[in-house]
Amino acid sequence: MKLRSLWLGLICMMALGCTLTACSDDDDDRRDDTGTKVVLPRVRAFILNEGSYGDNNAGIAFYAPNGDADFITDIYLKQNDKKLGETGQSMIEYDGEIFVAVYGSNYLAKLNAAGVEQARLSFVDDEDLSAGIRYIAAEGGYIYASFWGGAVAKINAHTMSVEKKLTNLGGCLEGVIINDGLLYVCNACSGDFATYYDEIIVINLNNFSLKEKLTTLLPNPYTQILEEEDKIFFISNGIYDYATGSMSPSVLQVIDTKSNNKFSRICEASHIASFNDIVYIVNSVTNWNTYTTTNSFCTYDVKSGKLNESSFLKNAPAELASASIYMIQINPVTGEIYIGTSEYSTNGTIYRFKRDGSYVSKFDAGGINPNHMVFLY
């Protein structure tokens, strides 16, 4: 009996092991590369190149962080035999797929993990959304998109259809972020740029209704917005003074959602990213009279509330101190830092740094104005 029990137990353990192995293999195979024309490695990075305005030259480049595949200048074109379109505005990864908002062409695309387009939703003929899609966030099977013209749309990520819309919320709606069942939307300015607003619009996602409008410390909350520890960080862009030819500073602010939405000013900033409760801050300031740019880099500890004004970069190439910075992104798994620069008319450059800020390498972005990166593992 003891031998029989031992034998049955061993069989059960072997069956369980096979089951666990099978599950693990299934997990490994969940990535959808259907239709791919190239073999891609497990670890992937995709770079959205916005393109230059009016030239219909947005694109998506492929980069292998582990160095186990060649760089592909425009993987979207290669995989789909067509261009991405006019003004690649924003890009996110959600549920193993890539979603891209193309502002000028005014559509949302869903790509699989290899960059092959699965579905496309155009807003050109939608009167409420015809002014152009801007930024996207995802949760609970839905994509939430901001639009110029004062609208926000709730889009089913599986069927790629608009299920609900909120309209007449403001002017040019920009950056979006989700926190605790609420969507925070930057209301930047009027469509003719004559009026700059000082609002963060808050939408309750449970019933998709307007909850409130928060007044920012400075006007023109724009594209840069993120969340860490129930705190919403965003940048109010500077406002250009046509009379003097000068620009007011762009300023990083924070909303403490657990302290009655208290607003605080942190520092001057133009670009932000975050990793492990640290906000990485870039301040790229251009003198438009001389067309010279000066960059500074610092960090903000979300838990302690302290600003560290020392640069988070080490041994950075000298040219990065005066380049026009267009993007900062952080690999959410490794913490590596990627900084994208632009000359607006030629391909941008991506600078890669280790998590500790040590310089690794630089490479051609594959297109003009690199503005987002997505990492797939």
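Taken together, the values in this text are just the output of simple stated rules run on the coordinates, not laboratory data. All of these numbers come straight from a predicted model, not from anything done at the bench. Note that we place each Cβ from the backbone using ideal geometry, even for glycine, and neighbour counts take in every protein chain shown.
So here's what we get for this one:
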item: Approximate spin-label separation Asn276-Ser190, in nm, with each point projected 7 Å along Cα-to-Cβ; result: 4.8 nm
item: Virtual spin-label span in nm between Glu163 and Ala321, 7 Å along Cα→Cβ; result: 5.3 nm
item: Per-residue [θ]222 nm for the chain (sum of -39500 (n - 2.57) over DSSP H runs n ≥ 4, rounded to 500); result: -3000 deg cm²/dmol
item: Whole-angstrom gap from the stretch 136-214 to the stretch 70-104, using each part's C-alpha centre; result: 22 Å
item: Residue-span extension gain [Tyr242 to Asn56] - 0.36 nm each, minus C-alpha spacing; result: 64.1 nm
item: At 0.692 mPa s and 37 °C, Stokes D of the stretch 243-285 from Kirkwood alpha-carbon radius, µm² per second; result: 271 µm²/s
item: Spacing of the two label points (7 Å from each Cα toward its C-beta) at Lys211 and Asp81, in nm; result: 4.7 nm
item: Debye, to nearest 20: dipole size of the chain, +1 on Lys, Arg Cβ, -1 on Asp, Glu Cβ; result: 740 debye
item: Sites Asp128 and Tyr291, calculated FRET efficiency, Cβ-Cβ separation with R0 41 Å, nearest 0.05; result: 0.55
item: Cα centroid separation - the stretch 291-318 against the stretch 215-258, whole Å; result: 17 Å
item: Ordering of 69-77, 244-252 by burial proxy (mean other Cβ atoms within 10 Å per residue, highest first); result: 69-77, 244-252
item: Tilt relative to the chain, helix 2-28 - C-alpha long axis, 0 to 90 degrees, to 10; result: 30 degrees
